[in-house]
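The values are calculated or read from the model by the stated rules, or taken from the named source; none is laboratory data. Just so it is clear, the model here is predicted, and its values are computed rather than measured. A quick note on method: Cβ atoms are made from the backbone with ideal geometry, for glycine too, and the neighbour counts reach across all protein chains shown. SASA here: full protein model, heavy atoms, side chains in, ligands and nucleic acids out. Shrake-Rupley method; radii C 1.70, N 1.55, O 1.52, S 1.80 Å.
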Amino acid sequence: MYYYNTSDLLKYMSERFQKEIEKTKQPGPVLTISRQFGCPAKPIAKKLAEGLTERLKRKGQDKEWRVISKEILFEAAKELELDPSNIKYVFDYKKKGILDDILSAHLNKYYKSDRKIRNTIAKVIRNLSYDGHAIIIGRGGVAITKDIPRSLHINLEAPLEWRAVRIAEKEEMSQEDARNLAIDIDKKRQEFRDYFQGKNTDYTRFDMTFNCMTLTVDEIVNSIIEMILQRGLL
């Protein structure tokens, strides 16, 4: 049985998507937000969606920007004909052990490999991005949608110690534990992106990177909206 490697997968998705573009409307617009653990991605995405939707209403357009995160889990599960709980471990950046994988394949007729689940996640993200007016948080979105012309890719970062303080307060843990958790989650998120973009490649580059320690949510949102307007994505 043949499996696509990372470069083959991306090439296949890009070529297939290009054919769809030629047949139908231009895809997008879509925004992706990648972030280091502890950065306020959800508040930023929420304000972005509200601000962009309001601008569309002023122009007389009955469209709404959507923040997409958990929807990816449910859509991927639906596509795979599985309960969301059966694939949630992938969204939590976990992997099955080799033994668990073998046993599941033999004992469960609904078994789906990690590869199948991740590729389905990519398909769901592509479809949502194609529909447009979508803000996708994480899930390797930058790698999966980078070739869409009407897209903008945001990265949120901040010093580790600053993030550790925020995480410790939110999760009610020590700063040391919060620091270790941030390092662990950052590593897993990078590994998740690497699956789609290839390790140590420059296939994806963020369009805008913000320091969440020195910039407020409103300042970041306003800067992103200004760039969206300049690029004609609204």
>> Going by Cα centres, region 53-75 and region 117-169 are how many Å apart?
In response: 15 Å
> Can you list the residues, at least 5 places off or on another chain, whose amide H is less than 5 Å from the amide H of Ser151, using H built in the peptide plane?
Replying inline: Val30
> Computed over the Cα atoms, what is the radius of gyration of region 143-184 divided by 2.2 N^0.38 Å, N being its residue count?
Replying inline: 1.66
>> What does the net charge come to around Thr209 if you take all other residues with beta carbon closer than 11 Å to its beta carbon, with K and R at +1 and D and E at -1?
In response: 0
>> Please list, by residue number, everything in region 139-164 whose backbone N is under 20 Å from a paramagnetic label point 7 Å out along Cα→Cβ of Met227.
In response: 139-159
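What do you reckon, how do Val67, Val124 stack up by accessible area (1.4 Å probe), largest on top?
Ranking Val67, Val124 by accessible area, largest first, yields Val67, Val124.
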> Share of Cα-Cα pairs in region 124-215 beyond 18 Å, in percent?
Replying inline: 55 percent
